[in-house]
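A quick write-up on the structure given underneath.
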Amino acid sequence: MDKLKERILQEGVIVSDQVLNLDGLLNHQVDPQLTMEMGKEFASRFAEAGVTRVVTVESSGIAVAFATAYELGVPLVFARRKKTLLADPDALCERVPSFTKGIVTDIMLSRHYISEQDKVLFIDDIIANGDAARGLIKIIERSGAELVGLGVVIEKCFQAGARTIREQGISIEPLVRIQSLEGGVITFAD
Ligand code: 5GP
């Protein structure tokens, strides 16, 4: 998506060789029109997969996952970052390290909103080391649902997350692949 690449160049602020601040596009502000276009693109890439639910993790994946679910005409379910100690017998939980926050959080998805009849498309904002994605993939597997694939807005190719998840046999569709942030320059992979 050339338009998305242009916006990444406009809005992205390189924090280090590893981290790109995208608050202006994904993590603080969103452009509804561009987000709907991203949803259309994911929906077309997974049009034949028979998706019954789109899932994501709160909060930055929600906007683009909503756009995708809207295009596919299916519900969106977002895993919540658990802030309560109240036991929910219907919750599927996983503990995941947070790349940007440097802390560990628990994510949870209620069995009310995912079942073994589902074909699930997982949409997320950015994949780096893949910890957040692996956590939600484990939850989807434990629910008995079929994971048809993972759509990410940005794959940071210089970190191992996407590669290791592909090695598990899971299909990942990135809209944009970033090869490097070295030298203060955003270099795209293709
Ligand atoms: P992972 O678990 O794959 O290492 O990191 C995934 C999550 O961390 C993403 O959902 C995203 O919110 C955040 N993240 C990882 N790398 C970056 C980055 O370079 N920039 C921003 N803004 N967020 C990132």
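Test each condition in (1) closer than 30 Å to residue 8 by Cα; (2) surrounded by 13 or more Cβ atoms within 10 Å (Cβ to Cβ) for residue 142 and report the one that comes out false.
(1)
With the requirement that a residue be under 21 Å from residue 66 (Cα atoms) and crowded, with 19+ Cβ neighbours inside 10 Å, what does the stretch 118-129 give you?
Within the stretch 118-129, 118, 120, 121, 122, 123, 124, 125, 126, 127 meet the criteria.
Conditions first: (1) in contact with a strand residue (DSSP E or B) (Cβ under 9 Å, 6 or more places away or on another chain); (2) within 24 Å of residue 159 (Cβ to Cβ). Residue 130 passes all but one, so which condition is the exception?
(1)
Residues of the stretch 1-35 being part of a helix (DSSP H, G or I), within 9 Å of the ligand (Cβ to nearest atom) and among the hydroxyl-bearing types (Ser, Thr, Tyr), which ones?
Once the filter is applied, which keeps residues that are part of a helix (DSSP H, G or I), within 9 Å of the ligand (Cβ to nearest atom) and among the hydroxyl-bearing types (Ser, Thr, Tyr), the stretch 1-35 yields nothing.
Under 8 Å by Cβ, and 6 or more places apart or on different chains, what pairs join a residue from the stretch 9-22 that is without any contact (Cβ under 8 Å) to a residue 12 or more places away in the chain and on the phi < 0 side of the Ramachandran plot with one that is small (Gly, Ala, Ser) and near the ligand (Cβ under 9 Å from one of its atoms)?
Hits for this filter: 21/12.
The rows are residues; the columns are (1) buried (at least 17 other Cβ atoms within 10 Å of the Cβ); (2) touching a strand residue (DSSP E or B) at 6+ places or on another chain (Cβ under 7 Å); (3) farther than 19 Å from residue 111 by Cβ.
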| site | (1), (2), (3) |
| --- | --- |
| 38 | yes, yes, yes |
| 55 | yes, yes, no |
| 76 | yes, yes, no |
| 90 | no, yes, no |
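Mind telling me which of the residues 115, 110 ends up being surrounded by fewer than 16 Cβ atoms within 10 Å (Cβ to Cβ), within 16 Å of residue 56 (Cα to Cα) and out of contact with any Asp or Glu (no Cβ under 8 Å at 6 or more places or on another chain)?
Matching residue, one of 115, 110: 115.
Of the conditions (1) modelled with pLDDT under 95; (2) surrounded by fewer than 17 Cβ atoms within 10 Å (Cβ to Cβ), residue 99 clears all except one; give me its number.
Of (1) modelled with pLDDT under 95; (2) surrounded by fewer than 17 Cβ atoms within 10 Å (Cβ to Cβ), only one is false for residue 99: (2).
Does residue 175 satisfy the criteria of being at pLDDT 95 or above, away from the ligand (no atom under 13 Å from the Cβ) and either touching a strand residue (DSSP E or B) at 6+ places or on another chain (Cβ under 8 Å) or closer than 25 Å to residue 91 by Cβ (or both)?
Against the criterion (at pLDDT 95 or above, away from the ligand (no atom under 13 Å from the Cβ) and either touching a strand residue (DSSP E or B) at 6+ places or on another chain (Cβ under 8 Å) or closer than 25 Å to residue 91 by Cβ (or both)), residue 175 qualifies.
Assuming residue 122 fulfils every condition listed in (1) at pLDDT 95 or above; (2) in contact with a strand residue (DSSP E or B) (Cβ under 7 Å, 6 or more places away or on another chain); (3) within 23 Å of residue 16 (Cβ to Cβ) apart from one, which condition is it?
(3)
Restrict the check to the stretch 37-54 and report whether at least one residue is in a strand (DSSP E or B), hydrophobic (A, V, I, L, M, F, W, C) and closer than 22 Å to residue 142 by Cα.
Within the stretch 37-54, one or more residues are in a strand (DSSP E or B), hydrophobic (A, V, I, L, M, F, W, C) and closer than 22 Å to residue 142 by Cα.
The values are calculated or read from the model by the stated rules, or taken from the named source; none is laboratory data. All values derive from a computational prediction rather than experimental measurement. Here Cβ is always computed from backbone atoms with ideal geometry, including for glycine, and neighbour counts include all displayed protein chains.
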